[in-house]
Amino acid sequence: MTYLEQIDPTRVPAHVAIIMDGNGRWAKQRGQVRSYGHQAGAKSVHVIAETAARLGVRYLTLYTFSTENWNRPADEVAALMSLLMDSLEEETFMKNNISFRIIGDTDKLPAPVLARLRLCMERTAVNTGMCMVLALSYSSKWELTEAARRIAAEAVRGELRPEDIDETVIDRHLATSFMPDPDLLIRTGGELRLSNYLLWQCAYSELYFCDTFWPDFGEEELCKAICDYQQRERRFGKTSEQILK
């Protein structure tokens, strides 16, 4: 049986987050420049988005460009921004009933890129299926710092008492406030770290690491990760006996 055939359609994770790692190493293995790997990785995004939507995933969040990535060579950053604009295929979103969102420090994005992203968000807002979210110029430390600033500003204005600040208040001020926390976090490329990605939101996410480089991560690899997820017992701090009640 394929992994697709093994998936229980009633237990598909509502929110899947992915750290798409390994584009550069995939290209290096083939004697190519890093941008070649990024181009191949962009094709995997479309395959995974279509597959996730078909399986019933409600939110797919992809770590596309971190705040730390601005420190990469200027030519690579420029190539990534250009690729981002070229790979936004609204036809794919419309055909699969996918809406599109972004999270991150968008003030740092080039104006043409931001305009293209906003246009795609506007045009796909009518779609009612899966929401695909790109984390662009994003990091958890940036997100939590911004949330703390907004909460502090509300407290200074007298709109919020310090003793009323709880997890719900913090959730409401995060960039991800419009969606549930990830059920499953996948990282490709063999690295075993979260790299400043959705740290607050992934407190109880199931973590799945694989050696496959992102350009080679296709439908069957995603289904394999979901099958692994479905074999786990999610206790959220409780005992197995409590979960079974």
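The values are calculated or read from the model by the stated rules, or taken from the named source; none is laboratory data. No experiment lies behind these values; they were computed from the predicted model shown. Note that each Cβ is placed from the backbone with ideal geometry, even for glycine, and that neighbours are counted across all protein chains shown. Ligands, DNA and RNA are excluded from the accessible area calculation, which covers all protein heavy atoms including side chains. Shrake-Rupley method; radii C 1.70, N 1.55, O 1.52, S 1.80 Å.
Please list, ordered by first then second residue, the pairs with beta carbon atoms under 7 Å, 6 or more apart or interchain, first in the range 195-210 and farther than 16 Å from Tyr229 by Cα, second part of a loop (DSSP other than H, G, I, E, B).
Cβ pairs passing all conditions: Asn196/Ser139; Leu198/Pro182; Trp200/Leu174; Gln201/Thr176; Gln201/Asp181; Gln201/Pro182.
For residues that are of a type in the set (A, V, I, L, M) and open to solvent by 20 Å² or more (accessible area, probe 1.4 Å), scanning just the range 222-245, find the one that is modelled with the highest pLDDT. Steps first, please.
Within the range 222-245, the subset of a type in the set (A, V, I, L, M) is 222, 225-226, 243-244.
If we keep only those that are open to solvent by 20 Å² or more (accessible area, probe 1.4 Å) too, we end up with 243-244.
Values: Ile243: 56, Leu244: 60.
Looking at residues that are of a type in the set (A, V, I, L, M) and open to solvent by 20 Å² or more (accessible area, probe 1.4 Å), I get Leu244.
With the requirement that a residue be outside any loop (DSSP other than H, G, I, E, B) and open to solvent by 70 Å² or more (accessible area, probe 1.4 Å), what does the range 23-44 give you?
So the first thing to find is which residues in the range 23-44 are outside any loop (DSSP other than H, G, I, E, B), and the list is 23-29, 34-44.
The answer is Arg25, Lys28, Gln29, Arg34, Tyr36, Gln39, Lys43.
Being loosely packed, with under 13 Cβ neighbours inside 10 Å and out of contact with any His (no Cβ under 6 Å at 6 or more places or on another chain) is the requirement here; does Glu143 meet it?
Numbers: loosely packed, with under 13 Cβ neighbours inside 10 Å: no; out of contact with any His (no Cβ under 6 Å at 6 or more places or on another chain): yes.
It is false that Glu143 is loosely packed, with under 13 Cβ neighbours inside 10 Å and out of contact with any His (no Cβ under 6 Å at 6 or more places or on another chain).
Run down Ala115, Ala148, Ala125 and say which single residue is open to solvent by 20 Å² or more (accessible area, probe 1.4 Å), free of Cβ contacts under 8 Å to residues at least 40 places away in the same chain and within 30 Å of Val12 (Cβ to Cβ).
Details: Ala115 fails: within 30 Å of Val12 (Cβ to Cβ); Ala148 fails: within 30 Å of Val12 (Cβ to Cβ).
Only one candidate passes the filter, namely Ala125.
I'd like to verify a number: residues in the range 62-75 that are surrounded by 15 or more Cβ atoms within 10 Å (Cβ to Cβ) and either part of a helix (DSSP H, G or I) or of a type in the set (Phe, Trp, Tyr) (or both), how many?
Residues meeting the conditions: 4.
Of (1) among the small types (Gly, Ala, Ser); (2) surrounded by fewer than 20 Cβ atoms within 10 Å (Cβ to Cβ); (3) within 29 Å of Cys223 (Cα to Cα), Gly104 satisfies all except one. Which?
(2)
Please go through the range 193-221 and give me each residue that is surrounded by fewer than 18 Cβ atoms within 10 Å (Cβ to Cβ) and more than 30 Å from Glu5 (Cβ to Cβ), ordered by number.
Arg193, Leu194, Ser195, Asn196, Leu199, Trp200, Ala203
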